[in-house]
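In what follows, a single structure is set out as structure tokens and then discussed.
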Amino acid sequence: MPKRNSSRIKNKELHDSILVKKNSISEFIIEKLLFIAAVSSVVIIFFIIFFLLREGFRAFELLGIFNFVFGPEWVPVGTPERFGAFPLIVGTLLVTVGAMIFSIPLGIAGAIFISEIAPFKLKSILKPTFELLAGIPSVVYGFFGLVILTDWLRVTFNQPSGDSWLAGSIILGIMALPTIISVSEDAIASVPKEFKEASYGIGATKWQTISKVVVPAAISGITASIILGMGRAIGETMAVLMVTGNAPIIPSPITNVFSPIRTITGTLGIEMAETPVGSIHYSSLFGLAVILFAMVLIINIVAGRAMTKIKEIHHPSSRKKRFSFKISESQNRVIKYAILIAFLLGLAFEMYIWFNLTYSIAMLGMIILTYIILKKLSANYTQKIAFTIITLSAALIIFILAIILFDITSKGLPTLSWSFLTQYPSDIGRAGGIFPAIVGTLYLVAGAIAFALPLGVLGSIYLTEYAKEGKTTKIIRAAVDNLNGTPSIVFGLFGFAFLVLYLNIGISLIAGQLTLGFMILPTIIRTTEEALRSVPRSLREGSLAIGATKWRTIQKIVLPPALPGIITGTVLSIGRAVGETAPILFTAAVFSKRSITPSLFEPVMALPYHLYVLTTNVPGSREASYGTALVLLIMVIILYAIATLVRLKYWKTARMGSGSL
């Protein structure tokens with residue numbers, strides 16, 4: 001008997017050692033595969049930089065970097081040709097700053113309302129409603145801006161034309177809202193309940209808890225949302241191209257928001273298709289893309305450092321070190337008043353531009369008086385006012401969405417018919433249907449998601465669960481940030497230079513799918529990272545403590561509660577892929593195609609490109625344009641409805657699971 005027991009023990013030990021060895025080998029292989037997925041962002045960004053410099057080097061060499069960047073005129077068809085990028089750089093910065101001024105306060109207020117103020121039932125409606133803004137294709141925004149917004153600005157402000165810097169900023173601000181709202185709301189919702197309970201326990205009001213505890217704790221995610229929103233704004237092409245007037249001039253005065261401007265992305269979208277490959281004009285356009293990429297790189301570096309500083313300031317140990325010894329209470333008060341005075345002066349200047357001097361002085365006086373009164377109010381009254389402002393901000397977002405949907409729906413419904421959905425276009429798109437454009441759009445989006453989703457999720461798992469902080473991780477994260485901020489038109493140029501020309505794939509479906517996949521990859525990575533980080537560390541430790549492997553823990557413990565956030569990123573990505581025109585402008589799309597073939601190596605029709613051409617190049621096609629825009633919206637709504645139902649299902653499952661734990 002003792003010998004038999006000894007034999008059993010030895011067999012069990014041998015079996016356990018074999019099992020441990022198999023698990024260690026599997027874990028090693030899995031970790032390396034995840035590392036490869038994470039490094040893919042670095043590879044893509046390297047290839048983008050290489051091909052942009054490769055194609056744009058001739059322009060920098062012949063014209064000189066300084067003359068090209070700071071040249072005051074962009075006249076590619078003049079005699080002689082002049083390629084000065086400075087007016088385009090100024091136009092890009094102006095329209096982006098205007099968009100951020102519009103979208104950041106509204107977006108953060110909307111996120112706070114959804115996460116902290118709205119009842120659960122209202123929250124379950126508002127979150128997908130706000131996300132629907134992300135699904136509205138950019139070309140539909142441009143169409144709405146061209147038909148409705150510019151005309152409203154022209155009439156309201158008595159201007160000769162509504163195509164202007166202001167129109168571009170408003171449209172871009174609306175487009176950036178859903179990204180800021182969605183990612184910020186996820187960050188705010190992930191703040192531990194213990195933080196809030198501790199705040200309430202010492203007598204703080206709900207608004208004091210939100211403003212002093214919740215928002216500072218979620219500041220990293222909120223900052224990430226602003227970076228993502230800024231990337232969306234600075235990279236937009238078609239909407240800006242359709243509403244800004246496209247005059248390569250610097251506004252005079254610089255504060256003239258009604259002046260037409262042209263952005264770098266708009267210039268690339270207008271001129272690239274008609275430029276001979278290899279010409280100085282062709283190289284100059286790639287030189288513009290290099291400048292645009294450099295601008296994005298600078299923005300991401302500054303934003304990254306800002307995030308680091310914010311984390312240090314809000315860390316308890318660093319807060320004491322930084323402020324107790326270096327800044328006294330009186331100095332802190334002086335800084336606050338200096339910021340307040342600067343804000344009020346800037347506000348007065350803006351009101352002077354928009355209105356007359358008397359009205360501006362009166363309004364500024366009312367603002368100062370209101371501020372003084374608020375300082376004297378109790379915490380409860382301050383909370384009521386803050387909640388009212390936040391609620392009105394959320395209502396304004398819903399109102400904007402309602403206007404866009406009502407206009408497109410009311411004018412597009414009369415055009416919809418079975419023949420419109422199933423026939424080929426005729427009379428240059430004025431008659432017939434849009435069937436090949438619908439099929440082409442579905443092909444493009446399906447291929448892009450099939451490429452980017454597994455690669456993005458696996459890369460995020462490596463960064464969150466396996467990677468140790470170091471140079472490699474910093475390089476990967478920097479690549480993801482820069483890839484996210486890379487303008488969509490730059491992806492289009494990269495796809496054209498690398499896939500279409502260098503690999504000789506040609507203008508084709510697969511070139512468009514891969515280009516769109518490159519574009520949405522960073523969004524999936526960032527949102528998946530935020531979702532994985534929201535899962536409590538204690539759940540991982542409990543699983544590992546009972547003998548589960550790391551990969552098993554990720555599969556069974558980490559991914560299920562993180563799925564709502566992952567699906568959120570996928571929804572945002574689908575919405576962006578469906579409506580993007582710029583990446584497929586030079587890689588996949590054609591305006592007319594007489595047959596539908598599933599070949600990956602043939603060009604396709606696509607709804608956003610079809611709508612753009614109808615709106616800008618085909619007179620008398622207003623009805624067909626509204627019908628095409630409505631079909632795009634219906635596709636997005638269906639996709640969002642499916643994604644929302646799946647997300648709610650997993651959210652309930654995760655909630656029940658966490659409750660049982």
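The values are calculated or read from the model by the stated rules, or taken from the named source; none is laboratory data. Computed from a prediction, not measured in an experiment: that's the story for all the values here. For neighbour counting, all protein chains shown are included, and Cβ atoms are generated from backbone atoms with ideal geometry for every residue, glycine included.
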Quick one: would you say LEU639 is touching a residue at least 24 places away in the same chain (Cβ under 8 Å), closer than 25 Å to PHE491 by Cα and not charged (D, E, K, R)? yes
Mind checking which helices (runs of 4 or more DSSP H) fall wholly inside segment 513-595 and carry at least 1 residues that are modelled with pLDDT of 80 or more, buried (at least 21 other Cβ atoms within 10 Å of the Cβ) and of a type in the set (Val, Ile, Thr)? 559-579, 582-585
Complete set of residues in segment 446-495 that are crowded, with 24+ Cβ neighbours inside 10 Å, of a type in the set (S, T, N, Q) and within 10 Å of ALA38 (Cβ to Cβ): SER460
Does segment 68-94 hold any residues that are in contact with a helix residue (DSSP H, G or I) (Cβ under 7 Å, 6 or more places away or on another chain) and of a type in the set (A, V, I, L, M, F, W, C), and which are they? PHE68, VAL69, PHE70, TRP74, PHE83, ALA85, PHE86, LEU88, ILE89, LEU94
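Test GLU271 against the criterion of being crowded, with 24+ Cβ neighbours inside 10 Å and among the acidic types (Asp, Glu), and give yes or no. Give the derivation first.
Values: crowded, with 24+ Cβ neighbours inside 10 Å: no; among the acidic types (Asp, Glu): yes.
Considered against the rule, which asks whether it is crowded, with 24+ Cβ neighbours inside 10 Å and among the acidic types (Asp, Glu), GLU271 comes out as no.
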Subset of segment 395-432, residues touching a residue at least 60 places away in the same chain (Cβ under 8 Å), over 14 Å from VAL631 (Cα atoms), assigned to a helix (DSSP H, G or I) and not hydrophobic (A, V, I, L, M, F, W, C), comes to GLY429
Pairs, please: C-beta under 6 Å, at least 6 apart or cross-chain, first residue under 21 Å from GLU529 (Cβ atoms) and in segment 546-558, second in a loop (DSSP other than H, G, I, E, B)? VAL558/VAL535
Sole miss for LYS206 among (1) buried (at least 19 other Cβ atoms within 10 Å of the Cβ); (2) over 18 Å from the mean Cα position of the chain (by Cα); (3) of a type in the set (Lys, Arg) is condition (1)
Qualifying positions in segment 379-436 - among the small types (Gly, Ala, Ser), surrounded by 14 or more Cβ atoms within 10 Å (Cβ to Cβ) and in contact with a strand residue (DSSP E or B) (Cβ under 8 Å, 6 or more places away or on another chain): ALA431, GLY432, GLY433
Has segment 369-381 got any residue that is among the hydroxyl-bearing types (Ser, Thr, Tyr) and at pLDDT 80 or above? no
Checked segment 230-264 for anything within 28 Å of PHE144 (Cβ to Cβ), at pLDDT below 90 and of a type in the set (Ser, Thr, Tyr); matches are THR237, THR255
Enumerate the pairs (first residue in segment 449-475 and closer than 16 Å to VAL42 by Cβ and touching a residue at least 12 places away in the same chain (Cβ under 8 Å); second residue anywhere and of a type in the set (Lys, Arg) and in a loop (DSSP other than H, G, I, E, B)) with beta-carbon separation below 8 Å, excluding pairs fewer than 6 apart on the same chain, so at least 6 apart or on different chains. none
Just give me the residues in segment 29-65 being within 20 Å of PHE496 (Cα to Cα) and not in a helix (DSSP H, G or I), in sequence order. none
